[in-house]
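Before any comments, here is the structure.
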Amino acid sequence: MTQRSIPTSAVWGAQLLAIGAFAASFALATPVEKKILLHEFTGQSAAETVVVPRDKPLIIEPLYNDPEVVSDEELAQVLAQVVPRFSKKQLKPNYVEHALRTWWLKAKFTDPTVMSGEQMKDYLVDHGQYLASWGDEVEPLLQERSDGVAIRWGKETCASVHHDHWLACLTEAGMTLQEPVFTPNRRDRNANDVLQEAIRDFRLDEVETEWSSLAFGLWLAPQKSWRNRSGRELSFDLMVDRLIRGDKKLGVCAGTHRVYSLMALIRLDDEYHILSPEGRQAAWSHLEKVRDLIAVSQFPDGHWPSNWPDGAEAVTKPVDEELFKKVIATGHHLEWLAIAPPELHPPRDRILKAARWVIKTTVAQTQSDIGQRYTFFSHVGNALALWRKTHPADFWMQWEADHPGWLDTPADATAVLNQ
């Protein structure tokens, strides 16, 4: 069978027709549609730079000052366990991020071996300090992009463990938008370059959306929507839908980070109206279900298990799990409850029992125990401070000023353990 060749003129004619059709459609397209078309054909970002309405992030303040949940002495003992005593060699970014979102940039300590808030921040924003800790045999934490700065994340101990966790933690710690960020090759970048890259990079089909939702809320409110690199319009309503999708046990730390981010979005909506009525109701209804589940999944000693979404069955059919998983569930639930209105609380006795258990458990740990599970215990310190309507740095610096040398008296810790 003889094959017929297509004349070159016909090929060129078809291409010219296609180009003409594209040019015509492009000419008639809206500015947003033009950006999306250019992204499809050239890879050029379809996102516009988001105008952030503030230089300092919003703060979601706690609602309660409840010494029955945790006394001053108990809070001091718990915080003493989670001060950032880190070795500078091969310092895990994940540990520093957790410590910083607990202690904030303003934290200062009388112990010179403890990293201050500013020192922790500097480690995360300066490639030179990261290089001094890890050497040049690992990839940089701060990664240059053509129009921003990305954070290397993943399971490696030298990386930020979760997507946008670096951004969320520094945001909660009080980083300004103009904070300098020193990448391997540039010294003219700042925190806004990281934020804009995160906004462009975000996709709803990602496995972890908890920290993106939180960071975007604290920076962007009252803006409700934006576009990512591909031109997809995103919104806080879509964030809510993504956070509540699937089984409640899904997500990092037994699903509790999704719960915290949902509560944070509701609190932001109270003042800035970033959610539609339907989006807010969806988040609220989900948290009501969480409330009801933790009301019946708590063990007699006060802890919540990692399978708390199983409800009462979590108690009648307990799973065999390590202590740190109980600390994760209990500490994280106390954390979101501290910023939640009373309507979303389980019965008060559940909160008091959880606090008693987590205080005793934390104070009983050795420094070696804390060092191996620092990230989880850091949430305990933050949660308990929130229940006293304060933040760890504020409480600690005042406590140290009022009680010089108090850590030299081991009876303080014994008193807590004996309660």
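The values are calculated or read from the model by the stated rules, or taken from the named source; none is laboratory data. This is a predicted model, so every value here is computed, not measured. Note: ideal-geometry Cβ built from the backbone for every residue, glycine included; neighbour counts use all protein chains shown.
Values computed for the structure shown
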read-out: Helices (runs of 4 or more DSSP H) wholly inside region 299-404 containing at least 2 residues that are farther than 18 Å from E61 by Cβ and in contact with a Cys (Cβ under 6 Å, 6 or more places away or on another chain); value: 323-337
read-out: Subset of region 124-137 that is in contact (Cβ under 8 Å) with a residue 12 or more places away in the chain, more than 14 Å from A173 (Cα to Cα) and touching a helix residue (DSSP H, G or I) at 6+ places or on another chain (Cβ under 8 Å) - its residue that is surrounded by the fewest Cβ atoms within 10 Å (Cβ to Cβ); value: S133
read-out: Residue within region 94-105 that is more than 23 Å from L386 (Cβ to Cβ), touching a residue at least 24 places away in the same chain (Cβ under 8 Å) and either crowded, with 18+ Cβ neighbours inside 10 Å or touching a Leu at 6+ places or on another chain (Cβ under 9 Å) (or both) present; value: no
read-out: Contacts under 8 angstrom Cβ, first residue in region 154-181 being under 16 Å from H257 (Cβ atoms), partner of a type in the set (K, R), 6 or more apart; value: S160/R152; V161/K155; A168/R101; C169/R101; E172/R101
read-out: Among (1) out of contact with any helix residue (DSSP H, G or I) (no Cβ under 7 Å at 6 or more places or on another chain); (2) closer than 19 Å to A385 by Cα, the one test that A340 misses; value: (1)
read-out: Filtered residues of region 27-75 (kept if surrounded by 12 or more Cβ atoms within 10 Å (Cβ to Cβ), of a type in the set (S, T, Y) and modelled with pLDDT under 95); value: S45, T49
read-out: Filter result for E197 (within 30 Å of T375 (Cα to Cα), of a type in the set (D, E) and either in a loop (DSSP other than H, G, I, E, B) or touching a Cys at 6+ places or on another chain (Cβ under 7 Å) (or both)); value: no
read-out: The lone exception for R227 - which of (1) touching a residue at least 12 places away in the same chain (Cβ under 8 Å); (2) closer than 20 Å to L141 by Cβ it fails; value: (2)
read-out: Region 160-201, residues that are more than 24 Å from E48 (Cβ to Cβ) and crowded, with 20+ Cβ neighbours inside 10 Å; value: S160, V161, H162, H165, C169, E172, A173
read-out: Members of region 202-224 that are surrounded by fewer than 18 Cβ atoms within 10 Å (Cβ to Cβ) and either in a helix (DSSP H, G or I) or free of Cβ contacts under 8 Å to residues at least 60 places away in the same chain (or both); value: R203, L204, D205, E206, V207, E208, K224
read-out: Number of the exception - P57 against (1) free of Cβ contacts under 8 Å to residues at least 40 places away in the same chain; (2) assigned to a loop (DSSP other than H, G, I, E, B); (3) under 20 Å from the mean Cα position of the chain (by Cα); value: (1)
read-out: First in region 360-372 and over 10 Å from V327 (Cβ atoms), second anywhere and of a type in the set (D, E, K, R), Cβ under 8 Å, 6 or more apart; value: V363/E74; Q367/R85; G371/R85
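Quick grid of which residues meet (1) under 20 Å from S378 (Cα atoms); (2) of a type in the set (V, I, T); (3) assigned by TED's automatic domain parsing to the domain that holds H391:
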{"position": "S261", "(1), (2), (3)": "yes, no, yes"}
{"position": "H286", "(1), (2), (3)": "no, no, yes"}
{"position": "V290", "(1), (2), (3)": "no, yes, yes"}
{"position": "V296", "(1), (2), (3)": "no, yes, yes"}
{"position": "E313", "(1), (2), (3)": "no, no, yes"}
{"position": "D320", "(1), (2), (3)": "no, no, yes"}
{"position": "H333", "(1), (2), (3)": "yes, no, yes"}
{"position": "W336", "(1), (2), (3)": "yes, no, yes"}
